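The values are calculated or read from the model by the stated rules, or taken from the named source; none is laboratory data. Here the structure is a predicted model, which is why all the values come from computation and not from measurement. So basically every Cβ, Gly included, is an ideal-geometry build from the backbone, and we count neighbours across all protein chains shown. Please note that ligands, DNA and RNA were not included when accessible areas were found on the heavy atoms of the full protein model with its side chains. Shrake-Rupley method; radii C 1.70, N 1.55, O 1.52, S 1.80 Å.
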Amino acid sequence: TRAWQARQRRLREDGKVSFWGLAQLAVSTVIFLLAATAAKQWGLAPSLAKILLTLALYSAGNLVMLRLIREFGMSVSFSLSAVIQLVSVNVVALVFFGERLNAVQATGVLLAIAAVALITLGPYMQRL
C-alpha cells in the first residue's frame with residue numbers, strides 16, 4: 001500500500017534501523033554464519049553435497065540482503081551486515097574451530113564493532 005511505501009521511504013531517509021530491519025539482519029547473519037560453517041566443513045573434507053549446501057546458504061543470505069538494501073540502502077545494509085558477520089564468524093572460528101587472532105587482528109575486530117555502533121546510533125545521536 002502507499003502508506004507502507006511512504007513509511008519505508010521515511011525510514012530510509014531517516015537512516016534509522018527498525019525492529020523489522022534488525023530481525024531481517026539477524027536472519028541474514030544466521031544464514032551467512034551457517035554458510036561460513038558449511039564452507040569451513042567443505043574446506044576440511046570437500047564433497048559435492050557440502051559445496052552445494054554452502055552455495056545454497058550464501059544465495060539465501062543474499063536474497064535477504066536484497067530486502068535490507070531496499071529498506072535501508074546499500075551503505076547501511078552492507079556495513080552492518082559485514083561487521084556483524086565479521087564478529088559472528090570470528091566467534092565461531094575461535095570457539096568451535098580453535099583458530100586464533102593476533103593482537104593486530106583483534107584490534108581490527110574491535111574497531112569494526114565500534115564502526116557498527118557509529119552506523120547504528122548515528123541518526124539518533126544527531127538529535128542530541
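Using a cut-off of 13 Å between beta-carbons, work out the net charge of the residues near Lys40 (Lys and Arg +1, Asp and Glu -1, Lys40 not included). It would help to have the intermediate numbers written out before the result.
Numbers: positive: Lys50; negative: Glu99.
Result for the local shell: 0.
Using θ = phi - 60° and the Karplus curve 6.51 cos²θ - 1.76 cosθ + 1.60, what whole-Hz ³J(HN,Hα) does each residue of the range 87-93 get, with Gly and Pro shown as x?
Each residue's phi maps through the Karplus curve to give 5, 5, 5, 5, 4, 5, 4 Hz.
Please report the carbon-and-sulfur percent of the accessible area for the range 23-128; probe 1.4 Å, protein heavy atoms only, DNA, RNA and ligands left out.
Working: 4890 of 6490 Å².
In the range 23-128, the share of accessible area belonging to carbon and sulfur is 75 percent.
So if R0 is 22 Å, what FRET efficiency would Ala114 and Val27 give, r being the distance between their Cβ atoms, rounded to the nearest 0.05?
The value I calculate is 0.35.
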